[in-house]
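**Student:** This is the structure I have questions about; it appears just below.
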Amino acid sequence: HRTYSCVHCRAHLARHEELISKSFQGSHGRAYLFNSVVNVGCGPAEQRLLLTGLHSVADIFCQNCKTTLGWKYEQAFESSQKYKEGKFIIEMSHMVKENGWD
């Protein structure tokens, strides 16, 4: 199974089947949107004005090495963005692809 892992400690983060979109923007560059992730902790939710409007988001971090990876969408305030609720952003700079991508 193709997976994504933390680039810093190699902890498993997500399966390729959980990937929703590759066309997202994180705080520090390109990011992927996932339906679900594993081995991540979640910080407190806060409102942030993102490129697509106001959202309530919580930073997520690697449970193993504590590196901040991206965020979880807790609430979207615009109806066109509601599909993001409960989903996760992981920045590409914090992920590595594992298991048979070639």
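The values are calculated or read from the model by the stated rules, or taken from the named source; none is laboratory data. Not measured: the values here are computed from a predicted model. Cβ atoms come from the backbone with ideal geometry, glycine included; neighbour counts cover every protein chain shown. Protein only, heavy atoms only, side chains kept; ligands, DNA and RNA dropped before computing areas. Shrake-Rupley method; radii C 1.70, N 1.55, O 1.52, S 1.80 Å.
**Student:** Are there any pairs, at least 6 apart or on different chains, whose C-beta atoms fall under 7 Å, with the first in region 32-53 and basic (Lys, Arg) and the second modelled with pLDDT of 95 or more and in a strand (DSSP E or B), and if so, which?
**Tutor:** Hits for this filter: Arg48/His55; Arg48/Val57.
**Student:** Are any residues in region 75-102 within 20 Å of Arg30 (Cα to Cα) and of a type in the set (Asp, Glu), and if so, which ones?
**Tutor:** Once the filter is applied, which keeps residues that are within 20 Å of Arg30 (Cα to Cα) and of a type in the set (Asp, Glu), region 75-102 yields Glu85, Glu91, Glu98.
**Student:** Can you pull out the residues in region 1-15 that are in contact with a Phe, Trp or Tyr (Cβ under 7 Å, 6 or more places away or on another chain) and either open to solvent by less than 30 Å² (accessible area, probe 1.4 Å) or of a type outside the set (D, E, K, R) (or both)?
**Tutor:** Leu13, Ala14
**Student:** Could you please give the count of residues in region 66-87 that are without any contact (Cβ under 8 Å) to a residue 60 or more places away in the chain and surrounded by 14 or more Cβ atoms within 10 Å (Cβ to Cβ)?
**Tutor:** Adding up the residues that qualify gives 10.
**Student:** Just checking, which of Leu51, Leu19 is among the aliphatic types (A, V, I, L, M) and over 30 Å from Gly100 (Cβ atoms)?
**Tutor:** Leu51
**Student:** For residues that are surrounded by 15 or more Cβ atoms within 10 Å (Cβ to Cβ), among the aliphatic types (A, V, I, L, M) and either more than 14 Å from Thr3 (Cα to Cα) or at pLDDT below 95 (or both), tally how many sit in region 34-55.
**Tutor:** 3
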